[in-house]
Amino acid sequence: DVKVTQSSRYLVKRTGEKVFLECVQDMDHENMFWYRQDPGLGLRLIYFSYDVKMKEKGDIPEGYSVSREKKERFSLILESASTNQTSMYLCASSLRVSGNTIYFGEGSWLTVV
Amino acid sequence: KQEVTQIPAALSVPEGENLVLNCSFTDSAIYNLQWFRQDPGKGLTSLLLIQSSQREQTSGRLNASLDKSSGRSTLYIAASQPGDSATYLCAVRLWGDDKIIFGKGTRLHILP
């Protein structure tokens, strides 16, 4: 069965801390995505990657960076967490070939205090 | 810029009724459209994927249709059950683009 695993479901971090959110997929997918989801704003794309070491900015990349050193793993990094980054973060993956389903992880709830 | 809209934002329906959820998009040059379900505090689960060359897809009590020319898709749920209560999101993928654009979803509540 297809699986996208986000390592942390719930995190509480202090303002200014560096935060790592990890995502692993076991489907050999080329594409991986990071979204954040906020009430009234829906899902917004932060970054996506279509290959190892490749990345592209989404709609809201400010304050975030990403790392993809291995095909199965895509990390989201908050260099200096701020309270406005309190949100639900969702990782997803899909095959590069268009027309394929996108699969999501269970989400990571981040609270920055 | 592609925009995806889902109206209404919330819907309550008595158990057993058939219902339709709506999704509209501004750019008809889509590659595919996908419907998702999201339970509170959870990730998204794919329900149906419709390629641009298709008109509809069915899975059990769910039927999704696509009309590219009018920029619309519907998700039909037959004989609704309390377990269908969730938020339903649609998302489109454009030609030649890896990105997927989501609507904000319709929060569905099935009344027992």
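The values are calculated or read from the model by the stated rules, or taken from the named source; none is laboratory data. Given the structure is predicted, the values throughout are model-derived calculations rather than measurements. Every residue, glycine as well, gets a Cβ built from its backbone with ideal geometry; the counts of neighbours run over all protein chains shown. For accessibility, only protein heavy atoms count, side chains too; no ligands or nucleic acids. Shrake-Rupley method; radii C 1.70, N 1.55, O 1.52, S 1.80 Å.
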Matching entry among B:Ile100, B:Ile77 (being within 25 Å of A:Arg44 (Cα to Cα), touching a residue at least 12 places away in the same chain (Cβ under 8 Å) and either open to solvent by 50 Å² or more (accessible area, probe 1.4 Å) or out of contact with any Pro (no Cβ under 8 Å at 6 or more places or on another chain) (or both)) | B:Ile100
Looking across the stretch B:1-56 at residues that are assigned to a loop (DSSP other than H, G, I, E, B) and of a type in the set (S, T, N, Q), the single one that is nearest to the chain's Cα centre (by Cα) is B:Gln6
Could you pull out every one of the strands (runs of 3 or more DSSP E) wholly within chain A that has 2 or more residues that are open to solvent by less than 10 Å² (accessible area, probe 1.4 Å) and closer than 24 Å to B:Asp97 by Cα?
-> A:19-25, A:31-38, A:42-49, A:73-78, A:87-94
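Each row is one residue, and each column tells you yes or no for (1) out of contact with any Ser or Thr (no Cβ under 6 Å at 6 or more places or on another chain); (2) away from chain A (no Cβ under 14 Å).
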position: B:Leu44; (1), (2): yes, no
position: B:Thr58; (1), (2): yes, yes
position: B:Thr74; (1), (2): no, yes
position: B:Ser80; (1), (2): yes, yes
position: B:Gly96; (1), (2): yes, no
Could we say that A:Gly63 is within 18 Å of A:Lys13 (Cβ to Cβ), at the interface with chain B (Cβ under 10 Å from one of its Cβ atoms) and in contact (Cβ under 8 Å) with a residue 12 or more places away in the chain here?
-> no
From the list B:Leu44, B:Leu66, B:Leu21, pick out the single residue that is open to solvent by less than 40 Å² (accessible area, probe 1.4 Å), closer than 27 Å to A:Glu106 by Cβ and without any contact (Cβ under 8 Å) to a residue 60 or more places away in the chain.
-> B:Leu44
Please work out which residue is nearest to A:Tyr89 (Cα to Cα), limiting yourself to the stretch B:27-38 and to residues that are in contact with a Ser or Thr (Cβ under 8 Å, 6 or more places away or on another chain) and more than 10 Å from every other protein chain (Cβ to nearest Cβ).
-> B:Arg37
Please work out which residue is nearest to B:Ala91 (Cα to Cα), limiting yourself to the stretch B:1-18 and to residues that are open to solvent by less than 60 Å² (accessible area, probe 1.4 Å), among the hydrophobic types (A, V, I, L, M, F, W, C) and within 14 Å of chain A (Cβ to nearest Cβ).
-> B:Val4
The stretch B:98-109, subset under 18 Å from A:Phe104 (Cα atoms) and in a strand (DSSP E or B), residue farthest from the other protein chains (Cβ to nearest Cβ) = B:Ile101
Of the residues A:Ser49, A:Ser94, A:Ser87, A:Ser108, which is in contact with an Asp or Glu (Cβ under 7 Å, 6 or more places away or on another chain), within 14 Å of chain B (Cβ to nearest Cβ) and closer than 29 Å to B:Thr106 by Cα?
-> A:Ser87
Limited to the stretch A:30-51, what total is found for residues that are over 13 Å from the mean Cα position of the chain (by Cα) and closer than 14 Å to A:Ser94 by Cα?
-> 3
Name the residues in the stretch A:12-57 that are of a type in the set (A, V, I, L, M) and over 17 Å from A:Phe74 (Cβ atoms), would you?
-> A:Val12, A:Leu41
In the set B:Ser46, B:Ser65, which member is farther than 16 Å from A:Leu43 by Cα and of a type in the set (S, T, N, Q)?
-> B:Ser65
